[in-house]
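One structure is given here, and the rest of the page talks about it.
The values are calculated or read from the model by the stated rules, or taken from the named source; none is laboratory data. Owing to the predicted nature of the structure, the values given are computational and were not obtained by experimental measurement. Positions of Cβ are generated from backbone atoms using ideal geometry, with glycine treated the same way; all protein chains shown enter the neighbour counts.
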Amino acid sequence: MLAVENLHVAYGQSEVIHGLDLTIAPGEIVAIMGRNGMGKTTLMKSLIGIVPSSRGTIRIADRPIETLESYQRVGAGLAYVPQGRMIFSAMTVRENIETGLTVTGETTVPDQIYELFPVLLEMKGRRGGNLSGGQQQQLAIARALASRPKVLILDEPTEGIQPSIIKEMARTLRRIRDEMGLSILVSEQVLSFALDMADRVLVIEKGQIVHESPRAGIDEEKVSAFLSV
Ligand SMILES: Nc1ncnc2c1ncn2[C@@H]1O[C@H](COP(=O)(O)OP(=O)(O)O)[C@@H](O)[C@H]1O
Ligand SMILES: [Mg+2]
């Protein structure tokens, strides 16, 4: 569903992603793990088109998207939940979700989204800035789902979220995959969360994939060693 080949991304003269390959099957959840500064955010921004790639291909369901603008990539089926959530604080919950509708031509938020996140229905008239961190993360995911993606990418969704809510988020993301049938790529530093939700775990170091394992039979010590400083 998502196929990335030989992706190179640089900031000016400084290359950060060095020829990365990545494929995600339909309905698969892949966690990409790595310490701070290893290139997770740069990878995700280049997939959605916020940071340009200098070489390589990115395909969604066999359609090359690497030359498209971000909004066109969203139209092609890619949705992005940025690190730090980046919801619109002054807009209401409903208005925040509606910003995700622009590529579908729908004018109202699908019921399915409020079924997944009942708290957002309760709070749909509140300003985004008044929600808790966990609720803002749900809002950012809801906004991404409003574009009816084939592939959902989330950049460190557990950052700054309480452990009890992290468990629930893993369950919710699996439920989203099961009910909507989409593929998920999530970057993460919390191994327990990755093991709760992912079918496959990748480790990124200095812009390259250095380890890969299905969740079943994963060598937790080895992955932890990559994550510790
Ligand atoms: N806007 C930028 N300009 C220059 N270098 C950057 C920029 N953003 C990130 N970097 C560098 O790219 C590398 C990867 O960063 P990043 O993708 O944010 O990693 P991660 O998300 O894994 O913490 C780091 O060395 C970081 O300093
Ligand atoms: Mg990051």
Worksheet item: Which one of Leu43, Leu68, Leu121, Leu47 is assigned to a helix (DSSP H, G or I) and without any contact (Cβ under 8 Å) to a residue 24 or more places away in the chain?
Response: Leu121
Worksheet item: So which residues in the range 39-82 are away from ligand 1 (no atom under 16 Å from the Cβ), buried (at least 22 other Cβ atoms within 10 Å of the Cβ) and within 22 Å of Leu139 (Cα to Cα), if there are any at all?
Response: Arg73, Val74, Leu78, Ala79
Discussion item. So, Arg85, is that one at pLDDT below 95, out of contact with any strand residue (DSSP E or B) (no Cβ under 7 Å at 6 or more places or on another chain) and more than 11 Å from ligand 1 (Cβ to nearest atom) or not?
Written reply: yes
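Within the range 136-148, which residues are of a type outside the set (A, V, I, L, M, F, W, C) and crowded, with 21+ Cβ neighbours inside 10 Å? Please lay out each step first, then the result.
Start the filter on the range 136-148 by keeping residues that are of a type outside the set (A, V, I, L, M, F, W, C), which leaves 136-138, 143, 147-148.
Gln136, Gln137, Gln138, Arg143, Ser147 - these are the residues of the range 136-148 that are of a type outside the set (A, V, I, L, M, F, W, C) and crowded, with 21+ Cβ neighbours inside 10 Å.
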Item to complete: Filter the range 1-16 for residues that are near ligand 1 (Cβ under 8 Å from one of its atoms) and either assigned to a helix (DSSP H, G or I) or not polar (S, T, N, Q) (or both) and give the result.
Response: Tyr11, Gly12, Val16
Worksheet, complete the sentence: Of the listed residues (Glu205, Glu220), the one being away from ligand 1 (no atom under 16 Å from the Cβ) and more than 30 Å from Ser89 (Cα to Cα) is Glu220
Worksheet, complete the sentence: Of Val201, Val151, Val210, the only residue that is away from ligand 2 (no atom under 16 Å from the Cβ), modelled with pLDDT of 95 or more, surrounded by fewer than 15 Cβ atoms within 10 Å (Cβ to Cβ) and β-branched (Val, Ile, Thr) is Val210
Worksheet item: Can you name the number of the only condition in (1) surrounded by 15 or more Cβ atoms within 10 Å (Cβ to Cβ); (2) away from ligand 2 (no atom under 16 Å from the Cβ); (3) farther than 30 Å from Glu221 by Cβ; (4) not hydroxyl-bearing (Ser, Thr, Tyr) that Val30 fails?
Response: (3)
Worksheet item: Somewhere in the range 166-184, is a residue in contact (Cβ under 8 Å) with a residue 40 or more places away in the chain, in contact with a His (Cβ under 7 Å, 6 or more places away or on another chain) and surrounded by fewer than 19 Cβ atoms within 10 Å (Cβ to Cβ)?
Response: no
Worksheet item: Taking Asn36 and the conditions (1) in contact with a Ser or Thr (Cβ under 8 Å, 6 or more places away or on another chain); (2) within 16 Å of ligand 1 (Cβ to nearest atom), which numbered condition does it fall short on, given that it satisfies the others?
Response: (1)
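Output the residues belonging to the range 115-160 that are of a type in the set (D, E, K, R) and farther than 17 Å from Gly77 by Cβ.
Let us first name the residues in the range 115-160 that are of a type in the set (D, E, K, R), namely 115, 122, 124, 126-127, 143, 148, 150, 155-156, 159.
Matches in the range 115-160: Glu115, Glu122, Lys124, Arg126, Arg127, Asp155, Glu156, Glu159.
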Worksheet item: Which one of Leu43, Leu20, Leu47 is touching a His at 6+ places or on another chain (Cβ under 9 Å), within 16 Å of ligand 2 (Cβ to nearest atom) and within 18 Å of Met1 (Cβ to Cβ)?
Response: Leu20
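Quickly run through the range 84-117 and pick out the residues that are among the polar types (S, T, N, Q) and surrounded by fewer than 16 Cβ atoms within 10 Å (Cβ to Cβ). Walk me through it before giving the result.
From the range 84-117, those among the polar types (S, T, N, Q) are 89, 92, 96, 99, 102, 104, 107-108, 112; that's our starting set.
Matches in the range 84-117: Ser89, Thr99, Thr102, Thr104, Thr107, Thr108, Gln112.
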Item to complete: Kindly indicate whether any position in the range 96-110 is away from ligand 2 (no atom under 16 Å from the Cβ), part of a loop (DSSP other than H, G, I, E, B) and within 26 Å of Gln208 (Cβ to Cβ).
Response: no
